[in-house]
1. So which residues in the range 65-109 are more than 15 Å from the chain's Cα centre (by Cα) and part of a helix (DSSP H, G or I)?
2. If A9 passes every condition in (1) surrounded by fewer than 14 Cβ atoms within 10 Å (Cβ to Cβ); (2) of a type outside the set (D, E); (3) more than 12 Å from the chain's Cα centre (by Cα) but one, which one does it miss?
3. State whether one or more residues within the range 118-126 are over 14 Å from the mean Cα position of the chain (by Cα), part of a helix (DSSP H, G or I) and among the polar types (S, T, N, Q).
4. Return only the number of the condition from (1) over 19 Å from L124 (Cα atoms); (2) out of contact with any Lys or Arg (no Cβ under 8 Å at 6 or more places or on another chain); (3) not in a loop (DSSP other than H, G, I, E, B) that T23 does not satisfy.
5. If I filter the range 103-124 for residues that are outside the structural domain of Q3 (by TED's automatic domain parsing), in contact (Cβ under 8 Å) with a residue 60 or more places away in the chain, farther than 30 Å from Q3 by Cα and out of contact with any Gly (no Cβ under 8 Å at 6 or more places or on another chain), do I get at least one hit?
Amino acid sequence: MQQQLGQLALLVKDYDEAIRYYTQILDFELLEDSPLTNAKRWVRVAPLGSTCQLLLAKAVNETQLSQVGHQAGGRVFLFLYTDDFWRDYHKYCSRGVEFIRIPTEEPYGIVSVFTDLYGNLWDLIQPNSSEASI
């Protein structure tokens with residue numbers, strides 16, 4: 001039996017602002033935006049060609065709202081692999097993405113940490129060819 005992660009739920013404050021950020025700033029694809037009720041939508045985004053997707057889940061109460069941007073307790077939560085680190089790093093910088101750690105070359109590849117619109121921490125990584133394929 002083979003398994004893989006299909007999607008991860010990511011708490012957001014607003015569907016439309018999250019869609020704009022992930023599609024216009026990070027260049028993700030909007031895969032689905034389906035209304036479920038008057039207040040709830042099924043919204044999926046992902047990098048082009050990715051098999052794992054983000055399900056943008058709108059926070060609906062104070063407990064959930066308090067966790068937006070803090071789902072991993074201040075640790076890097078998401079890892080965005082790229083085949084060209086410097087292309088994406090410079091593109092994201094020009095679009096206002098905040099990188100909180102300078103790019104470094106590590107044994108596993110080139111990496112830097114950025115925050116998304118809600119403060120979630122992401123690694124932007126160009127893995128060494130032996131670590132992963134893009």
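The values are calculated or read from the model by the stated rules, or taken from the named source; none is laboratory data. Just so you know, these numbers come straight off a predicted model, no measurement behind them. Reconstructed Cβ throughout: ideal geometry from the backbone, glycine too, with neighbour counts over all protein chains shown.
1. Result: L65, S66, Q67, F85, W86, R87, H90, K91, C93, S94.
2. Against the list (1) surrounded by fewer than 14 Cβ atoms within 10 Å (Cβ to Cβ); (2) of a type outside the set (D, E); (3) more than 12 Å from the chain's Cα centre (by Cα), A9 comes up short only on (3).
3. Narrowing the range 118-126 to residues over 14 Å from the mean Cα position of the chain (by Cα): 126.
Filter again for part of a helix (DSSP H, G or I), leaving none.
Taking every residue of the range 118-126 in turn, none turns out to be over 14 Å from the mean Cα position of the chain (by Cα), part of a helix (DSSP H, G or I) and among the polar types (S, T, N, Q).
4. (1)
5. Looking through the range 103-124, at least one residue is outside the structural domain of Q3 (by TED's automatic domain parsing), in contact (Cβ under 8 Å) with a residue 60 or more places away in the chain, farther than 30 Å from Q3 by Cα and out of contact with any Gly (no Cβ under 8 Å at 6 or more places or on another chain).
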